[in-house]
1. Please check: in the Gaussian network model of the chain (C-alpha springs, under 10 Å), which one of 40, 341, 252 has the largest mean-square fluctuation.
2. Order of 132-138, 279-285 by packing, highest average Cβ count within 10 Å first?
3. Where in region 76-104 is the amide nitrogen less than 18 Å from a point lying 7 Å along the Cα-to-Cβ axis of residue 53?
4. Considering only protein heavy atoms and a probe of 1.4 Å, how much of the accessible area of the chain is carbon and sulfur, as a whole percent?
5. Which ³J(HN,Hα) values, rounded to whole Hz and listed in residue order, are derived for region 119-131 from phi using the Karplus coefficients 6.51, -1.76 and 1.60 in 6.51 cos²θ - 1.76 cosθ + 1.60 with θ = phi - 60°, glycine and proline given as x?
6. As a test of the formula, what do you get for the chain when each DSSP H run with n ≥ 4 contributes -39,500 (n - 2.57) and the sum is divided by the residue count, at 222 nm and rounded to the nearest 500 deg cm²/dmol?
7. Going by amide H atoms built from the backbone, whose H comes under 5 Å of the H on residue 175, apart from near neighbours?
8. For residue 283, enumerate residues with amide H under 5 Å from its amide H, sequence gap 5+ or separate chain, H modeled in the peptide plane.
Amino acid sequence: MDSVTLVCTASLIAGGLYWFVCVFGSAERKGKHASQLSGGSIDREKVQDNYNQYWSFFKKPKQIEKTENVPAFVDTFYNLVTDIYEWGWGQSFHFSPAIDGKSNLESTKIHEQMAVDLIKVKPGQKILDAGCGVGGPMRAIAAHSGCNVVGITINEYQVSRAKAHNKKAGLDHLCDVVCGNFLEMPFEDNSFDGAYSIEATCHAPKLEDVYGEIFRVLKPGALYVSYEWVTTELYRGDDPEHVEVIQGIERGDALPGLRSYSDIPEVAKKVGFEVVKELDLAKPPSKPWWTRLKMGRVAYWRNHIVVMVLETIGVAPKGTIDVHQMLFKTADYLSRGGETGIFSPMHMILLKKPKQEES
Ligand SMILES: C=C(CC[C@@H](C)[C@H]1CC[C@H]2C3=CC[C@H]4[C@H](C)[C@@H](O)CC[C@]4(C)[C@H]3CC[C@]12C)C(C)C
Ligand SMILES: C[S@@+](CC[C@H](N)C(=O)[O-])C[C@H]1O[C@@H](n2cnc3c(N)ncnc32)[C@H](O)[C@@H]1O
């Protein structure tokens, strides 16, 4: 082969690889590049070990004995998945019903704006985002409402990602992010005008602990809305297929046991909230939330090849293939949960802290 042919062939291969890794068919084109996949705050040589530890801890979610260790493993989980989520999904780590004629990004935003509209806050007021991820919802909500949003996440890496995104979006004057545990928050009593949580409180081993904390930091009369992950009235604990699907969702999403929809208002009342409204946003007339997951399948295969190549050549840390494989399987369990109707990731509950606390 002469040198011209060699250079041309090499350029073609390099160009093809660039196109395959960086351009072709990713689920969400904006955001992270595959070449930047990391293990969050975990040292790259410890990613595989951390994944193995995570997997053995969440193998039997309903039988987790040491529930006090759950936040630490949830933190590990988000170190492992945050970059992959951003790469393949975007900056909002949640689902939303599909809306005819709207893109995924637009339907996501509408779902987020609905949360802040429900809590009836005014520009300049301070609201809490319990379990804020890298802040996709926080930015949409701050821009839509003019409120000051304070987000809390257990994961330090997400704090740095969220702060960088806030700055880039020019919203850092309205958005603040704190690293902490929402089961014992570093905030004063009665200090927020409203609060929301989007697909986050499902990580709490006891819902009363997080709801109790949110109740404590809200001002009397303030509203709190949550989009909860639940099993629905169609779930049967004696149906092996239902059990397999729900367990698959729990393992692949760091959940210490999914709750039934009927437990949510009970817990809310127990900690002192009044239930204002409750609605499963996944139910018709809403369009399915899981179509986006199913439609992404081709992209997931492509992503898997990309991850395998990147881990093999030493760009992505060892363990990334396992994490990606776990998410791949989880996507399937989630779609099955949606299709069968036994699972909802958007059981909405709107709660009010009464004006006068009962003595
Ligand atoms: C609320 C939670 C997270 C919900 C979703 C944001 C994520 C649940 C499953 C995730 C994904 C599954 C498949 C991945 C795919 C294999 C990969 O190539 C690209 C990223 C995925 C699409 C990834 C994206 C985020 C999810 C949809 C939980 C944790 C409480
Ligand atoms: C699925 S993500 C959702 C993030 C964000 N609400 C969104 O929709 O983009 C769940 C979030 O809850 C946070 N979380 C889970 N357990 C937590 C805990 N004990 N304390 C604080 N944050 C927690 C995670 O760190 C993560 O940011």
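The values are calculated or read from the model by the stated rules, or taken from the named source; none is laboratory data. These figures come from a predicted structure and were not determined experimentally. Positions of Cβ are backbone-derived with ideal geometry, glycine not excepted, and every protein chain shown enters the neighbour counts. Keep in mind that these areas ignore ligands, DNA and RNA; they rest on the heavy atoms of the full protein, side chains included. Shrake-Rupley method; radii C 1.70, N 1.55, O 1.52, S 1.80 Å.
1. Looking only at 40, 341, 252, the largest GNM fluctuation is found for 341.
2. Working: 132-138: 28.6, 279-285: 13.7.
Highest mean packing first, the order is 132-138, 279-285.
3. In region 76-104, the label zone of residue 53 (backbone N under 18 Å from the point 7 Å along Cα→Cβ) covers 76-82.
4. Working: 9100 of 16620 Å².
With neighbouring chains kept in place, the figure for the chain is 55 percent.
5. For region 119-131, the Karplus curve yields 8, 6, 9, 10, x, x, 6, 9, 10, 9, 10, 8, x Hz.
6. On the way: 12 runs with 158 residues, N = 359.
Helix contribution divided over all residues of the chain: -14000 deg cm²/dmol.
7. 149
8. Amide H neighbours of residue 283, under 5 Å, 5+ apart: none.
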